[in-house]
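Report on one structure; see the data block that follows.
The values are calculated or read from the model by the stated rules, or taken from the named source; none is laboratory data. Because the structure is predicted, anything quoted here is derived from the model rather than measured. Because the Cβ atoms are built from the backbone with ideal geometry, glycine has one as well, and the counts that use them run over all protein chains shown.
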Ligand code: DX5
Ligand code: ZN
């Protein structure tokens, strides 16, 4: 089954409870929570305190995407706050293998995200330890950016790597995703679709999740 992961980055935090309830009613599978530190990426969002507070609003799996330097310093705090999946950036740490094992030892699922500049092949020696591979289809940092077309080819490559070496690993894509490209992403091999502006940027987030799901009916997943 294809999973839809609305990204809270585009949600209105003055009414976050309702926004989360909306996408939950619409059938969201994960809540995608973007953590930014103003260093690895130019933008700043929130830390473990906010994630812990959000935990009280929803029982959906929390998919925490850490766009921070030295992610090894913070994974424990995000796990304590209630993160179920924790992804860090390949580009943000010299010891990815150790960090994957550490995240798993905390009882969370472990993911690695790769920026548009990083080839899928860099994950060849890490794939065993991965529960989730996140292909960024924009440069991380902001919502509402244009999908980078080459990402589709990277999703195909990631699908091949996963099928060959670790079929249980989830393949997630993040950035510039909406009704115009969800079909081709799923055909290329994506299984988790992160969407910020195309869900929370609309007047009806619940309906938008449903609409995305209905657009995927009949699309054959590779
Ligand atoms: C961007 C974040 C995304 C962001 C996607 O760096 O990782 O999760 O919310 O936003 P859209 O779907 O608007 O491109
Ligand atoms: Zn993200």
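Total residues in the range 110-156 satisfying the condition of being within 14 Å of residue 88 (Cα to Cα), free of Cβ contacts under 8 Å to residues at least 40 places away in the same chain, more than 16 Å from ligand 1 (Cβ to nearest atom) and not in a helix (DSSP H, G or I): the figure is 3.
Quickly run through the range 181-222 and pick out the residues that are under 28 Å from residue 123 (Cα atoms) and in a loop (DSSP other than H, G, I, E, B).
At the first step, the residues of the range 181-222 found to be under 28 Å from residue 123 (Cα atoms) are 181-196, 219-222.
Matches in the range 181-222: 181, 189, 190, 191, 196, 219, 220, 221, 222.
Of all the listed residues (107, 76), the sole one being more than 30 Å from residue 202 (Cα to Cα), touching a residue at least 24 places away in the same chain (Cβ under 8 Å) and part of a loop (DSSP other than H, G, I, E, B) is 107. Taken over the range 163-180, the residue count meeting the criterion of being part of a loop (DSSP other than H, G, I, E, B), surrounded by fewer than 22 Cβ atoms within 10 Å (Cβ to Cβ) and within 16 Å of ligand 2 (Cβ to nearest atom) is 1. Just name the residue that is surrounded by the fewest Cβ atoms within 10 Å (Cβ to Cβ) out of those in the range 21-35 that are over 21 Å from residue 134 (Cα atoms) and free of Cβ contacts under 8 Å to residues at least 40 places away in the same chain. Among residues in the range 21-35 that are over 21 Å from residue 134 (Cα atoms) and free of Cβ contacts under 8 Å to residues at least 40 places away in the same chain, the one surrounded by the fewest Cβ atoms within 10 Å (Cβ to Cβ) is 21.
The single condition among (1) surrounded by fewer than 16 Cβ atoms within 10 Å (Cβ to Cβ); (2) touching a helix residue (DSSP H, G or I) at 6+ places or on another chain (Cβ under 8 Å) that residue 38 does not meet is (2). Checking 192, 155 one by one, the residue that is under 15 Å from residue 1 (Cβ atoms) and either more than 16 Å from ligand 2 (Cβ to nearest atom) or modelled with pLDDT of 95 or more (or both) is 192 and no other.
If only residues of the range 157-184 that are in contact (Cβ under 8 Å) with a residue 40 or more places away in the chain and under 22 Å from residue 217 (Cβ atoms) are counted, the one that is nearest to the chain's Cα centre (by Cα) is 172.
Might you check whether a residue that is assigned to a strand (DSSP E or B) and either closer than 23 Å to residue 154 by Cβ or in contact (Cβ under 8 Å) with a residue 40 or more places away in the chain (or both) occurs anywhere in the range 36-58?
Of all residues in the range 36-58, those assigned to a strand (DSSP E or B) come to 36-37, 44.
From what's left, either closer than 23 Å to residue 154 by Cβ or in contact (Cβ under 8 Å) with a residue 40 or more places away in the chain (or both): 36.
So far as the range 36-58 goes, yes, one or more of its residues are assigned to a strand (DSSP E or B) and either closer than 23 Å to residue 154 by Cβ or in contact (Cβ under 8 Å) with a residue 40 or more places away in the chain (or both).
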